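The values are calculated or read from the model by the stated rules, or taken from the named source; none is laboratory data. Fair warning: this is a prediction, and the values are worked out from it, not measured in the lab. Because the Cβ atoms are built from the backbone with ideal geometry, glycine has one as well, and the counts that use them run over all protein chains shown. In case anyone asks, the SASA skips ligands and DNA or RNA and just uses the protein heavy atoms, side chains included. Shrake-Rupley method; radii C 1.70, N 1.55, O 1.52, S 1.80 Å.
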Amino acid sequence: MSTSDALPKCPVCQEDMTYPDGENFVCAQCGHEWPMAAVAEEAEAGLMVKDANGNLLADGDTVTLIKDLKVKGSSTTLKVGTKIKGIRLVPGDHEVDCKTEAGNMLLKACFLKKA
């Protein structure tokens with residue numbers, strides 16, 4: 001990995017305070033270490049997003065909310081148990097693009113479970 005590439009976020013605490021150490025990446029925030037080879041394999045495999053239970057999500061899956069989520073900039077709340085059909089995975093902090101009764105949303109996968 002060259003210095004121009006961005007270092008990956010820590011898979012445990014999601015902080016971007018990582019640094020290379022030999023053949024591993026180390027998180028300065030929580031101390032977690034993971035092999036650089038795993039990051040390279042994940043990049044080759046494509047976008048891999050896991051739900052709150054650790055199940056892999058794919059485009060077109062149906063998911064269920066596991067927590068009430070307030071919609072930013074609105075008084076609307078997405079209620080726990082709401083089913084969302086036909087999700088689309090996107091790179092970034094909010095990995096799931098979907099349509100809800102409140103409109104189009106980007107959601108974090110940690111608040112979803114595969115139905």
**Request:** Could you run through the stretch 77-115 and say how many residues are more than 14 Å from Asp51 (Cβ to Cβ) and open to solvent by less than 70 Å² (accessible area, probe 1.4 Å)?
**Result:** 12
**Item:** Residue satisfying all of: in the stretch 1-59; surrounded by 14 or more Cβ atoms within 10 Å (Cβ to Cβ) and in contact with a helix residue (DSSP H, G or I) (Cβ under 8 Å, 6 or more places away or on another chain); modelled with the lowest pLDDT among these
**Value:** Pro8
**Item:** Flag for Ser74 being open to solvent by 40 Å² or more (accessible area, probe 1.4 Å), over 18 Å from Phe111 (Cβ atoms) and either at pLDDT 80 or above or over 17 Å from the mean Cα position of the chain (by Cα) (or both)
**Value:** no
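Quick check on my filter: what residues within the stretch 57-98 are in a strand (DSSP E or B) and not aliphatic (A, V, I, L, M)?
Within the stretch 57-98, Thr64, Lys70, Thr77, Lys83, Arg88, Asp97, Cys98 qualify.
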